[in-house]
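Comments concern the structure below.
The values are calculated or read from the model by the stated rules, or taken from the named source; none is laboratory data. What you are looking at is a predicted structure, and each value in this text was computed from that prediction instead of being measured. Glycine also receives a Cβ, built like all others from the backbone with ideal geometry; neighbour counts cover every protein chain displayed. Only protein heavy atoms, including side chains, enter the accessible area calculation; ligands, DNA and RNA are left aside. Shrake-Rupley method; radii C 1.70, N 1.55, O 1.52, S 1.80 Å.
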Amino acid sequence: MKSVLFCVFMWICCIFCGSASNAQDIGEKGIIPRPLIQTSGEGFFYLRKNTEIYTSPEGKQVALQLAELLRKSTGYRLPVKEGVTEKENTICLNICTELDTLGREGYRLQIAPEKVSFTALDKAGLFYAMQTFRQLLPVSIEKNAVVKDVVWKVACAEIVDKPQYSWRGYMQDVSRTFYSVEVIKKYLDVMALYKLNVLHFHLTDDQGWRIEIQKYPKLTSPLTTRFAEKHKEPEERNGFYTQQQIKELVEYAAERHITIVPEIDIPGHSWPTLLVYPELGVNDKHYPEYVFPFLASWGYWGNQFTPNTLDPTKEVVYSFLDDVFEEIAALFPAEYIHFGGDEVRHIVWDKEPHITAFKKEHGMQNSLDLQNYFVGRVCQIIKSKGKKPIGWNDILENPEGLTRETAIMSWVGEEAIVEAAERGFYTVATPTDYLYFDITQADRNDGTMSDLAYRNINSIERIYNYDPAHGLKPEQKKYLLGVQANMWTAVPQEVKDMNVQNFPRLLAVAEIGWTSGKQKDFTAFEQRLQQHYGRLDQLKIDYYRPGGYITGHWHPEILSLAYQPLTWDVSTKVYTNGRIIAGFFYTHGENYMNIRKVELLENGKVISTDEHQGLADTFRGTNKTKTFLYHLQVDHYNPDAVYTLRAEVKGQGGTDSYGNFTFNQSPFRPFMEIESHVEK
C-alpha cells in the first residue's frame, strides 16, 4: 500500500514539476546529462559505515550494483535488504509499476538528510538514478581502492528526469583496429555513467573480420584478423572475438542497460571475406592476400576502396549471408542488425560481363538497381531471423525495396535524416558534420590522431548545439530514434588517442540524446563539464585539452639551410612505458622543413631512434604517408630521468618556416596511467 501511495504522490509531483518554471537552477549540481527537473534542498546525506540499502525485489540487481560501486572506494559494507524501512541513513530503491508518467528509463531521485530514494517504472530508470547519485558524490567514488579522509556526502535535492530519445548511441569500430574485451568493457562502463544506451559494434570492414562464425571458420583465420607483418602493427591490434566473448560482452552491456547492435558491413567493405571465400566475389582480384591498416590502402589500390565486393548476382552469397546472420541473431538480443550497405563502388560491377548480363535479364537499368536488389534480399534475410535491418543511408536509394521495419543510420548530412523520416523510415542521426569523432576538434596542426581529410572541425560547441530534429516536421519527429557518435579507428588507433578524440565530446552527445532541446545551454554545460574532468582522471581516461599534443614550436631564428639538431625537454610528456609519436606540423612561412632523424634521450643517452627522411609541409590527408610523424618507444621508464627529444632538421630552400612540434605517448597498458596526472 505504501508503494502505491508513494507512486501517486510522485505522479502529482511530476505534474507539478512539469509545469514549473525553467528558471530554476538545474545546472548547479554538475550532472551530465542535464536532468529534466532539479530542485535543491537543505543539508546533506552522509554515506556512512552503517548505511544500508533497501530495495523492492524487482530492483535488487540495481541495488547490488550500487553497493558494489560504493564499496570499492568507501570500504563500507552496505548490506542490501529486500523490503521497506523507516530506518534513517538508508538508500531505498523502488520499482513503481503503477506509474508511467516518466516512461521507460525515467526516474525520480530524492536526497534528504535521513534517506535517499530512487523510484522508477523499470530497472533502467533505477539504474540511471544510480548514475545521477554517483555523479553527485565526490569524484573519488570512481577509484578501485579504498579512499581515506573523504567525507562521502551528497547535497539534498530532488530530481525528476527522463530521456528525450530512446537511441543514445556510440559506435566503436573494431575492424580497422581491434580492441580487447577489457577495453570495450571500459567503454560500456563510461557509457552507462553518462546514460548512453546503444553500442553500435562495427565488427567487419576491409581491415578485418572480428567475430567468430562457427559455420565459416576461415573468416577468423590469420589472413583476415592479423595485419601483415610488413606493417609492423602492435600485437594487440590483431584479433577477433570468440562467440563466448561476445556473449560475455552482451551480458555485461545488458547489466548496464546498454544494447549492442552488431554490424556486418556488406556488400562492399568485405575484403576479409573475399580473401578466404573468393567464390563470393565479383572477380578474381585478391591482391594483396592479407588484411592491412586502412592508411596503407592507397599504396595497394590507389584509393581506399577494394577492387572487389560480394557478388549480388550469386545465390551462394545469399546462402552465406543467411548462415552468418543466423549466428549473429543468436548472439545479439538487439532488435536491430546493421548490415552497412555503404560506399559500394559500382564501377567494380560495371566491368564484369556476367553482372551486365544479370542486369539485362532482370530488367535493371544500372548497378544502382542491382544494389537495391541486393539490399532488398538482405533485408528479407535479417527479417527472417526475427530482427529488424538497419543500414547506412546509402540503402535509401530505393525505399520501395526496403522492408518497412528497416531503419536508416543517416551519416551523409542532415538532409539524410529528413529524407528517411519523410519516407516513413525510423532513423538514427549520426551526420559526419557533427558526430564523427575521428574528425579533429580544434586544430589540424595540434598533433591529435584524427582527420581523414574532412572539410570541417567538430568542436564540442558545434556538437553540443546540434539539433538532430532540425528540419523535421512535427509529424516526422516520431521517426527519429535518436543520436549516435561514431569513432572510426583508421587514424586514432591507440586507446589513448581514441579517448582524446571521444572525450569530452561524448559527454555532449550524451546530453543531446537525453536532455530536451529547450533545456540545453552550452555555457551551463561547459560549467558542469569542469566538474567531470576530475572524474575522467579518476577513471584513467585521457581527454582533449586546448593545444592538443603541441609541446614546442620552431621558427626561422632556430633553423638553417644545413641539418642541425633541435631539442625539446619532454620529461613531463614521458610518464610510463609506451609508444610515442613525435610530429612536425608546418603552420606557415615561405619554406617547409626537412627532417632526417629523431631521437629520444634519457639522461643524455639515446634510447629510441626513428631515422627516415621527413617533410613538414601542408599535407594533412590520408592518401600518402605522413613523413612528418616519427615513432619512438620507452620500454624501461625512469620517473627520475630527464627525457629529451632531438631532431635533425633544416629549412627547405630557406628558413622562413614556422610550425608545431607535437609529442604524444600512449601507454602500453590502457586505462592504467594518464598523461594529465603526471607530476615530476
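Some values worked out for this structure:
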{"quantity": "Residue in the stretch 191-208 that is open to solvent by 20 Å² or more (accessible area, probe 1.4 Å) and in a helix (DSSP H, G or I) present", "calculated": "no"}
{"quantity": "Candidate set: the stretch 214-261, residues that are aromatic (F, W, Y) and open to solvent by 40 Å² or more (accessible area, probe 1.4 Å); chosen: the one nearest to L295 (Cα to Cα)", "calculated": "F240"}
{"quantity": "Scope the stretch 149-179; condition assigned to a loop (DSSP other than H, G, I, E, B) and either among the acidic types (D, E) or over 30 Å from Y336 (Cβ atoms) (or both); matching residues", "calculated": "D149, V150, V151, W152"}
{"quantity": "Residue list for the stretch 336-370, restricted to those being open to solvent by less than 40 Å² (accessible area, probe 1.4 Å) and over 29 Å from the mean Cα position of the chain (by Cα)", "calculated": "V348, W349, E352, I355, F358, K359, M364, S367, L370"}
{"quantity": "Test for A63: is it on the phi < 0 side of the Ramachandran plot, in contact (Cβ under 8 Å) with a residue 24 or more places away in the chain, of a type in the set (A, V, I, L, M) and open to solvent by 10 Å² or more (accessible area, probe 1.4 Å)", "calculated": "no"}
{"quantity": "Count - residues of the stretch 621-649 that are in contact (Cβ under 8 Å) with a residue 60 or more places away in the chain and surrounded by 15 or more Cβ atoms within 10 Å (Cβ to Cβ)", "calculated": "11"}
{"quantity": "Residue, farthest from the chain's Cα centre (by Cα), within the stretch 289-302, restricted to residues that are in a loop (DSSP other than H, G, I, E, B) and at pLDDT 95 or above", "calculated": "E289"}
{"quantity": "Residue list for the stretch 112-128, filter: open to solvent by less than 10 Å² (accessible area, probe 1.4 Å), of a type in the set (A, V, I, L, M) and over 18 Å from A254 (Cβ atoms)", "calculated": "V116"}
{"quantity": "From I581, I541, residue being at pLDDT 95 or above, assigned to a strand (DSSP E or B) and among the hydrophobic types (A, V, I, L, M, F, W, C)", "calculated": "I581"}
{"quantity": "Answer residue from the stretch 408-424, given it is in contact (Cβ under 8 Å) with a residue 40 or more places away in the chain and outside any helix (DSSP H, G or I) and is surrounded by the fewest Cβ atoms within 10 Å (Cβ to Cβ) among those", "calculated": "G424"}
{"quantity": "Positions within the stretch 209-232 being in contact with a strand residue (DSSP E or B) (Cβ under 8 Å, 6 or more places away or on another chain) and assigned to a loop (DSSP other than H, G, I, E, B), in sequence order", "calculated": "R210, E212, R226, A228"}
{"quantity": "Any hit, the stretch 11-28, residues being modelled with pLDDT of 95 or more, surrounded by fewer than 13 Cβ atoms within 10 Å (Cβ to Cβ) and assigned to a helix (DSSP H, G or I)", "calculated": "no"}
{"quantity": "Meets criteria (in a loop (DSSP other than H, G, I, E, B), in contact (Cβ under 8 Å) with a residue 24 or more places away in the chain and either surrounded by fewer than 22 Cβ atoms within 10 Å (Cβ to Cβ) or touching a strand residue (DSSP E or B) at 6+ places or on another chain (Cβ under 6 Å) (or both)) for Y533", "calculated": "no"}
{"quantity": "Selection status of N502, under 15 Å from the mean Cα position of the chain (by Cα) and polar (S, T, N, Q)", "calculated": "yes"}
{"quantity": "Filter result (touching a helix residue (DSSP H, G or I) at 6+ places or on another chain (Cβ under 8 Å) and open to solvent by less than 50 Å² (accessible area, probe 1.4 Å)) within the stretch 146-157", "calculated": "V147, V150, W152, V154, A155, A157"}
{"quantity": "Q484 out of contact with any helix residue (DSSP H, G or I) (no Cβ under 6 Å at 6 or more places or on another chain), buried (at least 20 other Cβ atoms within 10 Å of the Cβ), at pLDDT 95 or above and assigned to a loop (DSSP other than H, G, I, E, B)", "calculated": "no"}
{"quantity": "Only listed residue being within 24 Å of the chain's Cα centre (by Cα), under 30 Å from S410 (Cβ atoms) and surrounded by fewer than 21 Cβ atoms within 10 Å (Cβ to Cβ), chosen from K143, K185, K162", "calculated": "K185"}
{"quantity": "Residues within the stretch 385-405 that are assigned to a loop (DSSP other than H, G, I, E, B), open to solvent by less than 40 Å² (accessible area, probe 1.4 Å) and at pLDDT below 95, tallied", "calculated": "2"}
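For (1) in contact (Cβ under 8 Å) with a residue 60 or more places away in the chain; (2) under 22 Å from H202 (Cβ atoms); (3) in a loop (DSSP other than H, G, I, E, B), each residue gets a yes or a no:
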{"position": "K285", "(1), (2), (3)": "no, no, yes"}
{"position": "Q304", "(1), (2), (3)": "yes, yes, yes"}
{"position": "T313", "(1), (2), (3)": "no, no, yes"}
{"position": "F320", "(1), (2), (3)": "yes, yes, no"}
{"position": "E327", "(1), (2), (3)": "yes, yes, no"}
{"position": "A334", "(1), (2), (3)": "yes, yes, yes"}
{"position": "H338", "(1), (2), (3)": "yes, yes, no"}
{"position": "N372", "(1), (2), (3)": "no, no, no"}
{"position": "K383", "(1), (2), (3)": "no, yes, no"}
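So that you can scan it fast, the table gives a plain yes or no per residue for (1) touching a Cys at 6+ places or on another chain (Cβ under 9 Å); (2) open to solvent by 10 Å² or more (accessible area, probe 1.4 Å); (3) modelled with pLDDT of 95 or more:
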site	(1), (2), (3)
T427	no, no, yes
F437	no, no, yes
D467	no, yes, yes
Q476	no, yes, yes
T489	no, no, yes
V500	no, no, yes
A510	no, no, yes
Q519	no, yes, no
T523	no, yes, yes
